[in-house]
Structure formats: structure tokens, C-alpha cells
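The values are calculated or read from the model by the stated rules, or taken from the named source; none is laboratory data. Keep in mind that what you see is a predicted model, and the values were worked out from it rather than measured. For neighbour counting, all protein chains shown are included, and Cβ atoms are generated from backbone atoms with ideal geometry for every residue, glycine included.
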Amino acid sequence: MKQMRSRFRLITLLLVCAFLVVLVLCTGSVLKTNGVTISSLSSLPAVSGTASPEPAADVETPPAGDVPSAPSVIPSDETVFPETDSTPNPEYNIFGL
Amino acid sequence: MNRQKSSARFRFTAASMLLACLIFLVPALRDGNPTLFLLAALLPCVMFLCDTVVARMFSLDRMITALILWLCAAGIAAYAPSDPDATLAQALRCGSALIALTAGGIMIRSLSPSLLTSACTAFLGLLLLAGKLLSPAMSLPLTEAALALLLIAFAALLSRQGPVSALVLGAAALVLLLVRGEMTEAVLWSLAVLLLVYAADGRAVVVLPALAVVLLLFFGAFTLLPVQGFPQNPSSFSVLASAGAVGADPLPEGFAWPDSVSIFPLLAGSYGLLLSGMTALLFLPLTLRGTSVAASARTRFHAVLAMGVSLQLALRALAALISVFGFLPLSGLRLPFLTSSLPDLCAQGFIAGLLCGISGRNDADLAEDAHLAMLAK
């Protein structure tokens with residue numbers, strides 16, 4: 001009986017974990033449907049007014065800063081150009097900023 | 001300590017009654033429907049009576065009874081804003097479920113893991129499952145009732161006769177479910193059987209062949225039987241989410257009611273995802289309480305049966321939530337006690353009653369132990 005009870009506890013733990021996972025998934029699904037994403041949660045409201053110039057500024061400045069990063073990803077591939085033209089954007093897009 | 005417990009319980013009961021009253025009083029005042037006024041008065045009284053008088057009289061678990069009453073109340077409340085007549089019909093169905101719960105609680109006292117019990121319940125369960133195959137005109141949904149009986153037989157065989165006979169019964173039920181085309185029920189039943197065999201026996205030499213047999217049966221069903229995938233979910237999550245956090249009035253387009261048997265989408269549409277999410281969360285304490293009752297049981301039969309009931313309720317709730325939120329393309333899954341199908345409600349009430357009765361028996365055993373300890377002093 002003792003071993004059975006310990007297995008019961010293990011099954012209980014599995015069920016609780018499954019419930020929590022489903023809860024997280026459902027909450028994420030609800031938030032995603034309502035347009036709430038990690039990027040919208042992480043960006044400050046004030047930044048949204050100055051956000052637009054930043055990419056432009058970064059577009060102007062990035063080549064010097066980002067050329068090293070582009071080669072680090074794909075050394076000499078010119079097909080990366082669409083990304084290098086807006087080199088900061090992929091990085092920002094990756095992290096959602 | 002007992003006084004503090006009883007006063008806390010009284011406050012909780014009073015708060016529950018007030019909330020139940022308000023859930024029906026608000027739409028009643030808005031619409032002026034006498035049926036809703038009647039329910040606003042009757043429902044809290046019934047909840048109070050069931051949770052105090054009936055539970056005490058038949059030694060039922062108070063927490064499990066309260067949780068089931070809340071789930072039933074949520075199911076009744078789902079119809080209140082849109083269709084008061086359907087609200088009354090659902091209230092009567094939930095009343096039948098509570099009678100079945102009480103019957104289950106009484107029956108478990110006299111139920112023993114004898115060969116006669118196993119044979120009778122196994123025969124009835126398999127007959128109910130095979131009924132649709134023998135008589136295709138029969139449309140009454142008796143799957144859950146059959147599985148409830150089979151669970152009792154399975155627990156009796158597993159605790160007394162051993163895992164082999166129990167697995168034979170489990171496999172027979174699985175074959176019938178697969179032949180009937182109820183894939184989701186078959187998956188839930190096989191999961192419950194495997195977990196129970198693991199819990200009761202635990203030996204790899206038993207669990208692994210059981211797993212192999214289950215996989216073989218599923219493979220055979222997909223290969224030999226006519227193509228029968230999982231039924232698709234007709235309503236998408238986006239429709240559900242259109243109700244918002246606090247519900248929408250009128251209901252957004254796309255909500256499948258009143259013909260739908262599942263009440264959860266209607267509850268979400270009427271009261272929003274917040275309340276429906278909190279209602280779905282009630283299954284977590286229900287599962288925890290069920291498994292703790294199983295762990296506290298004195299006999300193997302009661303322990304396996306209690307765990308089987310908890311697994312049935314928990315797995316069904318999880319699968320229904322996953323399908324409602326669109327993570328699995330399944331249909332036909334309903335949250336326990338949030339369904340308008342009378343046979344399913346009664347079957348779920350019955351197995352919950354078994355759980356309540358086992359809990360009551362645990363308390364009686366503990367009281368007897370305390371009494372014996374006192375006498376020994």
C-alpha cells in the first residue's frame with residue numbers, strides 16, 4: 001500500500017503539472033488572441049512615440065555597427081542584403097523590440 | 001479548533017450562497033423573468049441543504065460536494081442570461097446528478113471487491129457499450145455510465161484478482177470504444193487504465209505489456225476499421241475569445257447553442273473568459289482532493305477506485321479544456337458537470353458520489369482508530 005500511495009502522489013504531481021501547463025497555454029492563447037504579446041508588454045508607452053525615429057536613426061547608423069554582426073551570422077553572403085539594409089531590424093525583430 | 005473550522009465553513013457557505021443568489025438575481029432584475037427569481041431563491045437554498053444536511057446525513061465529503069455544487073451552479077447560470085426555460089431544465093438535470101451523487105455515496109458502503117461485483121458491473125458496462133453496436137437505432141449517450149460501471153469492475157479486479165484480469169477487462173472496453181468510433185473516449189480510458197495499473201502494480205513486466213497491448217489495439221483500429229479520425233472541433237477559439245473577459249450581450253455570432261451539449265462555450269460567452277476560466281480551475285482542487293482521498297483509503301479497492309474516479313474527472317477536464325482552446329482538433333469533449341446531457345450528468349454525479357463515499361469511509365475509519373486509541377489508554 002505504501003508504494004501504491006507514493007505512486008499516487010507521483011500521478012497527482014503529473015496531473016497538477018498538466019493542469020498548470022494547460023493553464024499557461026490557455027492564458028497565452030487568450031492574450032495572443034486579444035493582441036497582447038511579449039513585445040507589447042515589454043515596450044513602455046512613452047517609447048512608442050519615439051520608437052519610430054529610433055529605427056530610422058538606427059538604420060542610418062547601423063552599417064558600421066552591424067556590419068560586423070552580419071558577417072558573424074553569414075560571412076559573405078550577399079543575399080543577406082535585404083537584412084543588412086535594415087540590419088538592426090532583424091535583431092530587433094528577433095527580440096521583438 | 002473545531003469551532004474555528006466550523007465558523008470558517010459557515011462563512012464560506014454563506015458567501016457561496018450569496019454569490020449564487022447574485023448570479024441569478026442580476027439577470028432576473030434585468031429581465032424580470034419569474035423563473036430567474038425562483039432560481040435566485042431556490043438555488044442557494046439547495047446548495048446549502050446539499051452541502052450541510054445531505055452531506056452530513058450520508059457522510060459525503062463536504063469539499064467535493066461543494067465543488068460539484070459550484071460546477072452545477074455555473075452550468076445552470078450559463079443559460080440564465082439567454083434562456084430562462086433552459087435554465088430551469090438544466091437545474092432539474094443537475095438535481096438528478098445530485099441524486100445520483102447521493103446514490104453513489106450510499107452504494108459505496110455496501111460495495112465490496114468480490115467476484116460477483118466485478119462480474120455484474122463488468123457485464124453491465126460492456127453491455128451498455130455494446131448496446132449501440134447491437135441496436136444502432138439507440139441514440140442515448142450511455143458511454144460515461146458504462147465507463148463508470150467498468151471502472152468499478154476494473155478496480156475490484158485489480159485489487160483482488162490481479163492486473164491480468166483487470167487488463168483483459170480494460171482491453172475489452174477499449175475494443176468496444178474503438179469499434180464504436182469514440183476515439184477520444186478510448187484515449188482517455190486507456191490513459192486511466194495504464195496509470196491505474198502502474199499505480200497498483202508498478203512492475204515493468206506488467207506495465208510495459210499493457211502499454212504494448214493498448215498501442216496495438218489503437219494501431220489495429222486505425223488499420224482495420226473504417227477511417228475514423230478524431231472528430232473535428234466545429235467552433236474555433238477565436239469565436240470563444242470574442243466574448244471577452246466579462247462576456248458579451250447579446251452572444252457573439254458563432255456560439256453553438258442551444259443545440260450544443262457542452263455548456264462551457266455558453267458560459268464563456270455569457271459571463272466571459274474570466275469567470276469560465278475560474279470555473280474550469282475548480283477541477284484542480286477537485287482532482288487534488290480526489291487523489292488525497294485515494295491516498296488515505298484503507299483498502300486497495302477503495303484506493304484504486306478513488307484514484308480511477310479522480311483520473312476520469314481530471315483527464316476529461318484537461319482534454320475538454322485543450323479541445324475548447326483549440327490545441328487539439330477534437331470535438332465531443334465536455335467538461336464534467338458542464339454538460340446538458342442527462343445520462344452523462346448522472347454518471348458523473350454517481351462516480352463523484354463514490355469518491356465522496358470513500359472519503360466518508362476514510363473519516364469513519366479515522367474516528368474508529370481514534371476511539372480505539374482512546375480505549376487502549
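Just to verify a result, which residue in segment B:293-309, among those that are at the interface with another protein chain (Cβ under 8 Å from one of its Cβ atoms) and small (Gly, Ala, Ser), is surrounded by the most Cβ atoms within 10 Å (Cβ to Cβ)?
B:Ala294
Could you go through segment B:329-346 and let me know if any residue there is within 14 Å of another protein chain (Cβ to nearest Cβ), in a helix (DSSP H, G or I) and at pLDDT below 90.
No: segment B:329-346 contains no residue that is within 14 Å of another protein chain (Cβ to nearest Cβ), in a helix (DSSP H, G or I) and at pLDDT below 90.
Tell me yes or no: at least one residue of segment B:90-108 is closer than 28 Å to B:Leu167 by Cα, more than 18 Å from the chain's Cα centre (by Cα) and crowded, with 22+ Cβ neighbours inside 10 Å.
No, that holds for no residue.
Given the criteria surrounded by fewer than 16 Cβ atoms within 10 Å (Cβ to Cβ), out of contact with any His (no Cβ under 6 Å at 6 or more places or on another chain) and over 27 Å from B:Pro84 (Cα atoms), does B:Phe58 qualify?
no
Can you tell me which residues in segment B:118-158 are over 18 Å from the mean Cα position of the chain (by Cα), among the polar types (S, T, N, Q) and at pLDDT below 90?
Within segment B:118-158, B:Ser135, B:Ser139 meet the criteria.
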